[in-house]
Structure formats: structure tokens, C-alpha cells
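The structure appears below as C-alpha cells.
The values are calculated or read from the model by the stated rules, or taken from the named source; none is laboratory data. In this text the structure is predicted, and so the values were computed from the model without any measurement. Cβ atoms come from the backbone with ideal geometry, glycine included; neighbour counts cover every protein chain shown.
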Amino acid sequence: MKHSIEGFSKLSKAEKVDWITKNHFTHPEEAKTLLASYWNKDVELQKRHDEFIENTLTNFYLPLGVAPNFIINGKGYTLPLVIEESSVVAAAGNAAKFWSQRGGFTAKVLSTEKVGQIHFFYKGSAASLSAFVSTHTAQWLENVREITGKMESRGGGIQSLTLVDKTADLPHYFQLHLTFTTVDAMGANFINSCLEHIAKSVETSVTNEPAILQAGGIEIVLCILSNYVPDCLVHAQVSCSVEDLGKQDQMEAIAFAEKMVQAVAIAKVEPYRAVTHNKGIMNGVDAIVIATGNDFRAIEAGVHAFASRSGHYTSLSEATINNGQFTMELTLPLAVGTVGGLTSLHPMVKWSLELLGNPNAEELMKIIAVAGLAQNFAALRSLVTSGIQKGHMKMHLLNILNQFGASEQQKESALHYFKTNTVSVQAVRLFLENYTA
């Protein structure tokens, strides 16, 4: 088998598929047929998908489900969720329905500041460098106005530019730390373009600064936005009287509320639990981020850095009981957009945004945070009452049946049988082995 090739990217799609299937698969024609079965029948739409990334062979579909009954700041929503994990959509819908009967969710954007940095090395006097930056900052910002002009007309742009001395952490390392607001765009391309343009202005300015040149000049290493956005924050909350929580799976309301608070308290102090606790929050967050064409990897990285900002990885959510009132709340750093990127290119992204009422970026931040809080409430509710597996495995039942190749008649019988019996892989296997029509 040949596993290396020159000029692969220059091959046609058919040639790429042919080479891949012949050189990596035992049954090339079966592998080729599978790839073709996931192509979109709409030729123009498939061409658009092919152009999203490089070396495209086919599409890899994930289910899109919806969770209705969300009330956010008094307005009703049905949320689009793109995820492959069983029970996530059901959990979101259950939490939405529960809280819709208790006033719904509230959410507010706390700040929308994003960050970009120019990283460089300089071996001279920090005082000379500081004077150099102060002298030229206004000119650098004026030079970049050809890029920032349109963003400024929409209310965004560069908010600040400061010199940061990082030499205590790494010899000779400094940075220009810039903050931005990007309105309804996520802003990655805008921020990176601004940084690279300013870096060129810095290099030009250095040529007229003898003090900087005598110290060897400035060596710019990289210019890049940061996905850590601790000042681009959204807060979501639910609250009701403890009595209004009602009895939960034979557990009295006060006992349920206390266990919910204890469960969050454990996640505040135990990193092993906090990671799984926060993963549950991200089930809801990522599912909406993907559905709306945003970058879930960037969101994940920033959120987990935020969870570690004290030096100790901890829960993203809080739960309290005060004066008979139960409250759960969540604060997340979210840099998302509703214009640019895939928002105008991917038909299902456009569909999802329309389903949400075509929100602006701040509205989308609120919706995403609420989805995370809903998932957190639903997961903890299961954990402190019946246990996480009871509901999860029932939702996973069809996947298990499909894994065993069950017929439609077997599926129908199994769904009826497991309404009152515990679901497990072994239990489903035994049911199918003993099945009689």
C-alpha cells in the first residue's frame, strides 16, 4: 500500500477519492460508495461545502435537533442543537419546560471586549521602549484606520493599545496588548488584520528611533487574537422559591434544592468533578455554537481557561439558597458572531439563526449561556435524584438497538419493554437474543 503522495491537493476530488480508497481500504469500492452517499444531491450546495476546507472528500453529518419552550428575558425561543450525544436535546427541552413554568431564564451581557496581541522581543531599556510606544501609538492607530473605518462606523473598533512587560516570565519578551469590540462579528479576521497592519507600522517606526535600534531593534514574533476573552462575558440565571421547585422524584423540594447546592459546591472544590460538571454545560453551549456557525474550539479553550483563572480549575456555575429562594447562575466568556464566517454561507446556519429570530451577537451570547445553564440544571437534577444513567440510557436505547442491527419490529417491542426496565447494553443484547415475534 502506498501511504505518501506528492501534489495531493492538486488532484481533482474524484482522483483524491480514488487514491484514498485504493491505498487505505480493504474494500475500495465500498469505501468510495460510502463517501458518495454523503454528498449533497444539490450540486451547487455540495460545491459550497467542498470549498469550506481543503482536500474535501465528502460531508460528515451531525444531527440537528430542537428544544422548544425556552423563555429568556420574557421572550420565547426554540433552540437549534447540533450534537451526537443522546439525551442532551431531551435534557435541554425538559429544563426549558421546567423553568418556563417558573418565570423562565434571565440573561445579560456584562461586557464585549476582545483581545489581540503583538508578541515581540527587545533587549534594550524598558523605559526607552515605553517612551517609543507612547510617542507612536496615535500614529499607529491612525495608520490602521483603513481597516477599522467600517467597524468603527458600526460602533466597534480598537479600544486600547498598551505595552506589557513580560520579561519576568521570559527574558526580553514584551507585547502590545490591544482590546477590540467587533459588534455582531466574531471578529477574528478583523482583529488579526489590525494586528498585522500595526506590526508593520511598528517596524517602520523603529527605523527612525536610534535608541531602539542601538538595542538591536524589535523582533516581532507573531501577531494573533486571543481566544481567552475574560472581558467578553454573559451571565444567565434562573431563580424561584424553594417551594416552587416541587417534589423531585420523591424528594421534597428543600432536600432537592440543598442537594443541588451541594453538587455545585463539590464541583467548586474538586477539579475531577468540575471538568465533568463543566463538560455538561458545554454540551448545551457547543450544540448552539455549532448550529450558528461559530467556532466551538475557540469557545471551549476560552471557557476552560476562564474556569482556571483563580489558579484552580472550578465550576463555571453557582447555586445558592437565600431567604427561601433557590438560584442557579452561570457566567461565561463568549466571543461569537452573527455576521461573517459561515453565517451567510452555510444554509443550516442561516436556518438556525432565523429559528432564533436572527439575533445580534449579544442576543446570541445570552441564548448560548442559557443553553449551558439549562444543561447544567438538567444534569444535576438527574444526578441528585434518579442518577444520570436512567434517563441517558433510555435516550441511548435506539443507538444500542441499531448497533445490534435490530429490525423495526424488534425496536418497537424493545421500546415498549424498556419503558419499565433498566436499559444497558447487556440487557438489550439479552432482550434481542430472547426475542420472539
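Answer yes or no: is there a residue in the stretch 59-78 that is in the same structural domain as Val285 (by TED's automatic domain parsing), in contact (Cβ under 8 Å) with a residue 60 or more places away in the chain and at positive phi.
yes
Thr204 - would you say it is β-branched (Val, Ile, Thr), surrounded by fewer than 18 Cβ atoms within 10 Å (Cβ to Cβ) and in the same structural domain as Ser160 (by TED's automatic domain parsing)?
For Thr204, the condition - β-branched (Val, Ile, Thr), surrounded by fewer than 18 Cβ atoms within 10 Å (Cβ to Cβ) and in the same structural domain as Ser160 (by TED's automatic domain parsing) - is met.
Do you know which residues across the stretch 307-328 are surrounded by fewer than 21 Cβ atoms within 10 Å (Cβ to Cβ) and in contact (Cβ under 8 Å) with a residue 60 or more places away in the chain?
Within the stretch 307-328, Arg309, Ile321, Gly324, Gln325, Thr327 meet the criteria.
Does Cys223 satisfy the criteria of being touching a His at 6+ places or on another chain (Cβ under 8 Å), surrounded by 19 or more Cβ atoms within 10 Å (Cβ to Cβ), touching a residue at least 24 places away in the same chain (Cβ under 8 Å) and not acidic (Asp, Glu)?
Answer is yes for this residue.
Each row is one residue, and each column tells you yes or no for (1) within 23 Å of Ala287 (Cα to Cα); (2) surrounded by 10 or more Cβ atoms within 10 Å (Cβ to Cβ).
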site	(1), (2)
Lys16	no, yes
Asn23	no, yes
Thr33	no, yes
Asp42	no, yes
Ile53	yes, no
Pro63	yes, yes
Ala67	yes, yes
Ile72	yes, yes
Tyr77	yes, yes
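Quick one: which of Ala257, Ala274, Ala267, Ala236 is modelled with pLDDT of 95 or more, touching a His at 6+ places or on another chain (Cβ under 8 Å), at negative phi and assigned by TED's automatic domain parsing to the domain that holds Met365?
None of the other options fit; the residue is Ala267.
How about the stretch 329-346: which of its residues are of a type in the set (Val, Ile, Thr) and free of Cβ contacts under 8 Å to residues at least 60 places away in the same chain?
Thr343
Kindly establish whether Glu152 is touching a residue at least 12 places away in the same chain (Cβ under 8 Å), acidic (Asp, Glu), more than 24 Å from Ser308 (Cα to Cα) and outside the structural domain of Ala319 (by TED's automatic domain parsing).
No; evaluated as a whole, the condition is false for this residue.
When you scan the stretch 168-210, how many residues do you find that are part of a strand (DSSP E or B), at pLDDT 95 or above and under 22 Å from Ser111 (Cβ atoms)?
Going through the stretch 168-210 one residue at a time, the tally reaches 7.
Could you tell me which of the residues Glu243, Glu270 is without any contact (Cβ under 8 Å) to a residue 24 or more places away in the chain, of a type in the set (D, E, K, R) and more than 13 Å from Leu380 (Cβ to Cβ)?
Numbers: Glu243 fails: without any contact (Cβ under 8 Å) to a residue 24 or more places away in the chain.
On inspection, the qualifying residue turns out to be Glu270.
Ala92 passes all but one of (1) assigned to a loop (DSSP other than H, G, I, E, B); (2) among the hydrophobic types (A, V, I, L, M, F, W, C); (3) at pLDDT 95 or above; which number fails?
It is condition (1) that Ala92 fails.
Could you identify the single residue in Pro171, Pro63, Pro68 that is touching an Asp or Glu at 6+ places or on another chain (Cβ under 8 Å) and more than 25 Å from Ala335 (Cβ to Cβ)? Can you show your working first?
On the way: Pro171 fails: touching an Asp or Glu at 6+ places or on another chain (Cβ under 8 Å); Pro68 fails: touching an Asp or Glu at 6+ places or on another chain (Cβ under 8 Å).
Selected residue: Pro63, the only one of Pro171, Pro63, Pro68 that is touching an Asp or Glu at 6+ places or on another chain (Cβ under 8 Å) and more than 25 Å from Ala335 (Cβ to Cβ).
Report every pair of residues separated by at least 6 positions or lying on different chains whose Cβ atoms are under 8 Å apart, first residue within the stretch 425-436 and under 10 Å from Phe404 (Cα atoms), second in a helix (DSSP H, G or I).
Once the first residue is under 10 Å from Phe404 (Cα atoms) and sits in the stretch 425-436, its partners that are in a helix (DSSP H, G or I) give Val425/Ile400; Val428/Leu397; Val428/Ile400; Val428/Leu401; Val428/Ala414; Leu432/Leu401; Leu432/Gln410; Leu432/Ala414.
What do you reckon, is Asn94 in contact (Cβ under 8 Å) with a residue 12 or more places away in the chain and closer than 30 Å to Ile400 by Cα?
For Asn94, the condition - in contact (Cβ under 8 Å) with a residue 12 or more places away in the chain and closer than 30 Å to Ile400 by Cα - is met.
If you go through the stretch 329-352, how many residues are surrounded by fewer than 22 Cβ atoms within 10 Å (Cβ to Cβ) and assigned to a strand (DSSP E or B)?
The number of residues fulfilling the criteria is 3.
Taking the conditions exactly as written (surrounded by fewer than 20 Cβ atoms within 10 Å (Cβ to Cβ), within 22 Å of Leu79 (Cβ to Cβ), at pLDDT 95 or above and not charged (D, E, K, R)), does Val133 satisfy them or not?
No; evaluated as a whole, the condition is false for this residue.
Out of all the residues in the stretch 170-220, which are among the polar types (S, T, N, Q) and closer than 21 Å to Ser128 by Cβ?
Gln175, Ser201, Thr204, Ser205, Thr207, Asn208, Gln214
Looking only at the stretch 182-201, how many residues end up being among the hydroxyl-bearing types (Ser, Thr, Tyr) and either touching a strand residue (DSSP E or B) at 6+ places or on another chain (Cβ under 7 Å) or closer than 15 Å to Glu142 by Cβ (or both)?
Of the residues in the stretch 182-201, the ones among the hydroxyl-bearing types (Ser, Thr, Tyr) are 182, 193, 201.
Subset that is either touching a strand residue (DSSP E or B) at 6+ places or on another chain (Cβ under 7 Å) or closer than 15 Å to Glu142 by Cβ (or both): 182, 201.
Final tally of qualifying residues: 2.
Of all helices (runs of 4 or more DSSP H) completely enclosed by the stretch 1-60, which ones contain at least 1 residues that are under 17 Å from His346 (Cα atoms)?
Correct list: 43-50.
Report, by residue number, each residue of the stretch 298-328 that is assigned to a helix (DSSP H, G or I) and of a type in the set (Asp, Glu). Step through it out loud before you land on a result.
So in the stretch 298-328, the residues assigned to a helix (DSSP H, G or I) come out as 298-307.
The one that is assigned to a helix (DSSP H, G or I) and of a type in the set (Asp, Glu): Glu300.
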